[in-house]
Amino acid sequence: MKHHILLVDDDEIFRIAMSSFLQSEGFLVTAVSNGEEAVALVRQDIEEYSLALIDYHMPYFSGAETIKSLKSYNPDLIIYTFSGDDSNEAYNDALGSGAVFFIQKDISTEKLLGLLHRTCKDVESKTKEIVVSKPSDNQLLIEKINMIGSSEQMAAVAKLVMKFAPLNETVLILGENGTGKDKVAKAIHANSLRSKSPFIAVNCAAITESLMESELFGYNKGAFTGATKDKVGFFEAAHGGTLFLDEIGEMPKHIQSKLLRIIQEKEITRVGSTEVKKIDFRLIAATNVNLEDKIAKDLFREDLYYRLNVLPIELKPLRERPDDIPILVQYFLKEANHEQRDNKKVLANSVEQLKSLVWSGNVRELKQAIHLLVATSTGEYLEIAEFVKSQKAKGKNTKDIKTQRVFKERTQIKNALVKAGTITSAARMLKISRSTFRERMKKYKIALNSANLEGEVI
């Protein structure tokens with residue numbers, strides 16, 4: 001890999017000499033005389049620079065100003081600043097602006113080359129594609145429960161799943177939306193003695209209060225208007241197997257008392273019947289809310305909580321286990337490439353940028369983001385830097401479906417302009433009217449010249 005250095009110095013003699021020296025050592029060099037030219041080059045984003053060498057003392061547009069401006073357009077750009085001034089003020093000002101090294105102009109060539117080569121090796125390591133390495137012990141353990149990860153937190157979850165699975169006690173899974181509570185429940189069932197029997201999953205939040213009892217316990221013909229035949233409830237359907245009650249915190253309180261009795265007695269009575277039926281089931285419950293808070297507000301029965309919280313498993317949010325992000329990205333990228341018949345790649349330093357987002361929607365949100373990036377990235381690699389920048393600018397992540405739609409639509413508009421060359425052709429490509437296309441350009445503040453297009457009036 002040949003590294004490209006941006007050299008900025010108003011001293012022509014020094015600039016020519018340094019350029020010649022760096023080129024003789026195998027570097028590509030772009031040399032400019034002032035900060036404005038340097039900023040313009042980085043802003044255009046035509047060339048990729050491994051690092052920049054900036055003179056601290058320059059007229060009009062100082063070294064510190066140049067560094068700040070360059071960082072605003074490329075936060076990842078590594079910057080050295082050099083000067084004949086070794087004052088603490090200059091040193092602190094340069095480093096405070098974003099430079100990583102402050103070096104004297106009379107530094108020996110050996111020392112300078114040593115610094116440059118070390119920096120370039122670091123750049124290389126960060127710009128390599130993610131490669132599938134030999135699975136770690138944690139990764140192998142987590143795969144046993146059909147989940148993806150390598151962090152200590154997920155390994156601890158996997159150990160609990162394998163420990164609890166052979167038992168018959170109730171499991172309570174705690175975690176935010178998108179952390180994989182349903183996958184943990186399925187893993188417990190799959191590794192239990194009940195694995196060949198039914199696994200019945202119920203989302204308590206998706207059932208209206210009026211239907212909750214009849215859906216859970218079943219009903220007999222004639223029990224109410226519309227009950228034209230007998231119906232087996234979820235508890236009966238789970239006989240011999242596992243019943244998974246997701247979002248248990250949303251269950252109405254009057255149903256909670258009946259659930260408590262069923263857990264204790266292992267028997268149910270259908271709506272409209274007096275017949276008591278014995279049921280053999282294992283219960284797994286999950287929630288994304290704090291049940292103790294609900295108890296304090298008299299919204300959840302305390303005795304039911306203790307019946308549920310026999311074997312607890314807590315899933316940490318993705319922001320607390322960033323070590324899982326690289327392997328998750330690999331997995332979702334492969335999945336998205338397959339589904340979209342594409343072959344996008346991802347750089348290691350790009351994945352590191354994803355760790356800086358909050359991921360309020362957790363693993364589910366990350367999956368959506370990678371699928372979106374595969375669909376919208378125009379080059380060989382996922383355009384993660386722009387995506388991360390857009391999310392931070394909005395002060396939120398991909399949690400909001402609206403945010404995803406906006407990002408996707410804006411990207412489609414820009415890409416269509418580049419590919420088609422004119423507004424008319426781009427609108428035709430997206431199968432929308434020219435006026436609608438123009439409105440969206442205005443909405444997303446896309447200028448015609450941003451796609452290097454000329455000759456058409458918006």
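The values are calculated or read from the model by the stated rules, or taken from the named source; none is laboratory data. In this text, all values refer to a predicted model and were calculated from it rather than measured experimentally. Cβ sites come from the backbone with ideal geometry, for glycine too, and all protein chains shown count toward neighbours.
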- Query: Do any helices (runs of 4 or more DSSP H) entirely within the range 297-381 hold 2 or more residues that are over 28 Å from A165 (Cβ atoms) and not assigned by TED's automatic domain parsing to the domain that holds E176, and if so, which?
  - Reply: 325-340, 348-354, 362-376
- Query: When the residues of the range 45-86 are filtered to those that are under 34 Å from the mean Cα position of the chain (by Cα) and of a type in the set (F, W, Y), which remaining residue is farthest from E383 (Cα to Cα)?
  - Reply: Y80
- Message: Yes or no: the range 192-205 includes at least one residue that is farther than 22 Å from I263 by Cα, of a type outside the set (F, W, Y) and in contact (Cβ under 8 Å) with a residue 24 or more places away in the chain.
- Response: no
- Scan the range 253-275 and report the pairs whose first residue is assigned by TED's automatic domain parsing to the domain that holds M212 and whose second residue is polar (S, T, N, Q), with Cβ atoms within less than 6 Å and a gap of 6+ or a chain change. R270/N220; V271/S214; G272/N220; S273/N220
- Any residue in the range 50-59 that is in contact with a helix residue (DSSP H, G or I) (Cβ under 7 Å, 6 or more places away or on another chain), surrounded by fewer than 19 Cβ atoms within 10 Å (Cβ to Cβ) and not in a helix (DSSP H, G or I)? yes
- Query: So, in the range 222-275, of the ones that are in contact with a Phe, Trp or Tyr (Cβ under 8 Å, 6 or more places away or on another chain) and of a type in the set (G, A, S), which residue ends up surrounded by the fewest Cβ atoms within 10 Å (Cβ to Cβ)?
  - Reply: G240
- Message: Here are the criteria: (1) outside any loop (DSSP other than H, G, I, E, B); (2) within 28 Å of the chain's Cα centre (by Cα). Tell me which single one I268 does not satisfy.
- Response: (2)
- Task: Considering only the range 437-458, state which residues are part of a helix (DSSP H, G or I), modelled with pLDDT under 80 and not charged (D, E, K, R).
- Result: L448, N449, S450, A451
- Query: Which residue pairs have Cβ atoms under 6 Å apart, sit 6 or more places apart or on different chains, and have a first residue in the range 93-117 that is free of Cβ contacts under 8 Å to residues at least 40 places away in the same chain and a second that is part of a helix (DSSP H, G or I)?
  - Reply: D93/A64; S97/A64; S97/I67; S97/K68; G98/I67; G98/K71
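May I ask you to verify whether T66 is in contact with a strand residue (DSSP E or B) (Cβ under 8 Å, 6 or more places away or on another chain), at pLDDT 80 or above and in a helix (DSSP H, G or I)?
Spelling it out, T66 is indeed in contact with a strand residue (DSSP E or B) (Cβ under 8 Å, 6 or more places away or on another chain), at pLDDT 80 or above and in a helix (DSSP H, G or I).
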- Query: What number of residues within the range 2-36 are more than 22 Å from S69 (Cα to Cα) and aliphatic (A, V, I, L, M)?
  - Reply: 6
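Here's the yes/no breakdown for (1) aliphatic (A, V, I, L, M); (2) modelled with pLDDT of 90 or more:
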residue	(1), (2)
E213	no, no
K221	no, no
G226	no, no
V232	yes, no
G241	no, yes
M251	yes, yes
- Message: For the range 415-430, give me each residue that is surrounded by fewer than 17 Cβ atoms within 10 Å (Cβ to Cβ) and either part of a helix (DSSP H, G or I) or acidic (D, E) (or both).
- Response: V418, K419, T424, S425, R428, M429
- Quick one: would you say F300 is touching a strand residue (DSSP E or B) at 6+ places or on another chain (Cβ under 7 Å) and aromatic (F, W, Y)? no
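Any chance you could count how many residues in the range 252-285 are of a type outside the set (D, E, K, R) and on the phi > 0 side of the Ramachandran plot?
1
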- Message: Restricting to the range 286-344, name every residue that is surrounded by 18 or more Cβ atoms within 10 Å (Cβ to Cβ) and of a type in the set (V, I, T).
- Response: T287, I313, I325, I327, V329
- Message: Going by what's in this entry, would F21 be described as closer than 19 Å to S83 by Cα and either surrounded by fewer than 22 Cβ atoms within 10 Å (Cβ to Cβ) or touching a Leu at 6+ places or on another chain (Cβ under 6 Å) (or both)?
- Response: yes
- Looking at the range 345-356, which of the residues that are in contact with a Phe, Trp or Tyr (Cβ under 9 Å, 6 or more places away or on another chain) and buried (at least 17 other Cβ atoms within 10 Å of the Cβ) is farthest from G178 (Cα to Cα)? L347
- Item | Residues within the range 306-333 that are farther than 18 Å from A158 by Cβ and over 15 Å from the mean Cα position of the chain (by Cα), tallied | 5
- Determine which single condition I13 fails, assuming it passes every other condition in (1) aliphatic (A, V, I, L, M); (2) under 20 Å from N74 (Cβ atoms); (3) modelled with pLDDT of 85 or more. (2)
- Query: Being within 24 Å of R118 (Cβ to Cβ) and at pLDDT below 85, is that true of even one residue in the range 25-45?
  - Reply: yes
